[in-house]
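First up is the structure itself, then whatever we jot down about it.
The values are calculated or read from the model by the stated rules, or taken from the named source; none is laboratory data. Quick caveat, the model's predicted, so the values are computed rather than measured. Note that we place each Cβ from the backbone using ideal geometry, even for glycine, and neighbour counts take in every protein chain shown. Note: areas computed on protein heavy atoms with side chains; ligands, DNA, RNA excluded. Shrake-Rupley method; radii C 1.70, N 1.55, O 1.52, S 1.80 Å.
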Amino acid sequence: MARRDPEGTTYGFTVAAAVGAVPAARRQVVAFVQDLGLPLSDQALENVELLASEVIANAVLHSDAPCDVAVKLADDRLRVEVTDVDACLPSVVQSGPDDESGRGLLLVNALADAWGTRPEATGKTTWFEIAPEPPTVGVRNDGADTPPSLRMDDAVVRRTECRTRIRSSAESRLSVGTAGVGERHQAA
């Protein structure tokens, strides 16, 4: 069941602990985004749908439990938060060309304006933000909106165990997945 705060700036709902629940959840996120009235292009809405799908699927797959989703305005940006019961903070995974998974956080990093994680009393929240597009009155756009390409030279780490990362001087130079607990990741 969907929840809406009295001010109308936050929507929330719970996703069942099943991968089959993810498609309906991502469509629900898009419906809530449209209700918030942010000026987002069709391409930006598709990006929101993709990012919501990735973050929700990760929560369901790695926690084997339901997760809570919040869609809200935060400082004039769209913010989608997914809270699950798994305390392990997500990390970028090195995946091969034939792997069927492992690229979700690369997509989040490439398409979101900002993203991050924060520990919760009983798990964690993974979030991403999308900024509204500036008005285009009088500006002609002959090309289709295209998302930024993934930078394959970004450093990645292989997930070998569940642990929070300790930032070393070498890690602080990495551009993907190395923000400390509760810090923002700036998209590429």
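Can you report the number of residues in the stretch 55-81 which are open to solvent by 30 Å² or more (accessible area, probe 1.4 Å) and either modelled with pLDDT under 95 or over 14 Å from ALA112 (Cα atoms) (or both)? Full working, then the answer.
From the stretch 55-81, those open to solvent by 30 Å² or more (accessible area, probe 1.4 Å) are 58, 61-62, 64, 66, 68, 72-73, 75-77, 79; that's our starting set.
In the following step, the residues that additionally are either modelled with pLDDT under 95 or over 14 Å from ALA112 (Cα atoms) (or both) were identified as 58, 61-62, 64, 66, 68, 72-73, 75-77.
Residues in the stretch 55-81 being open to solvent by 30 Å² or more (accessible area, probe 1.4 Å) and either modelled with pLDDT under 95 or over 14 Å from ALA112 (Cα atoms) (or both): 11 in total.
Among the candidates LEU45, LEU40, which residue alone is crowded, with 18+ Cβ neighbours inside 10 Å, closer than 20 Å to TRP115 by Cα and at pLDDT 90 or above?
On the way: LEU45 fails: crowded, with 18+ Cβ neighbours inside 10 Å.
Of the residues listed, the single one that is crowded, with 18+ Cβ neighbours inside 10 Å, closer than 20 Å to TRP115 by Cα and at pLDDT 90 or above is LEU40.
Is it true that some residue in the stretch 26-34 is in contact with a Lys or Arg (Cβ under 9 Å, 6 or more places away or on another chain) and more than 21 Å from THR117 (Cβ to Cβ)?
Step one: of the stretch 26-34, the residues in contact with a Lys or Arg (Cβ under 9 Å, 6 or more places away or on another chain) are 32.
This time we only want the ones that are more than 21 Å from THR117 (Cβ to Cβ), so: 32.
Checked the stretch 26-34: at least one residue is in contact with a Lys or Arg (Cβ under 9 Å, 6 or more places away or on another chain) and more than 21 Å from THR117 (Cβ to Cβ).
Any residue in the stretch 13-20 that is out of contact with any strand residue (DSSP E or B) (no Cβ under 9 Å at 6 or more places or on another chain), under 22 Å from ALA131 (Cβ atoms) and either without any contact (Cβ under 8 Å) to a residue 24 or more places away in the chain or among the polar types (S, T, N, Q) (or both)?
no
Yes or no: VAL30 open to solvent by less than 40 Å² (accessible area, probe 1.4 Å) and free of Cβ contacts under 8 Å to residues at least 60 places away in the same chain?
yes
Return only the number of the condition from (1) in contact (Cβ under 8 Å) with a residue 60 or more places away in the chain; (2) over 11 Å from the mean Cα position of the chain (by Cα); (3) under 23 Å from GLY123 (Cβ atoms) that GLN94 does not satisfy.
For GLN94, the failing item is (3).
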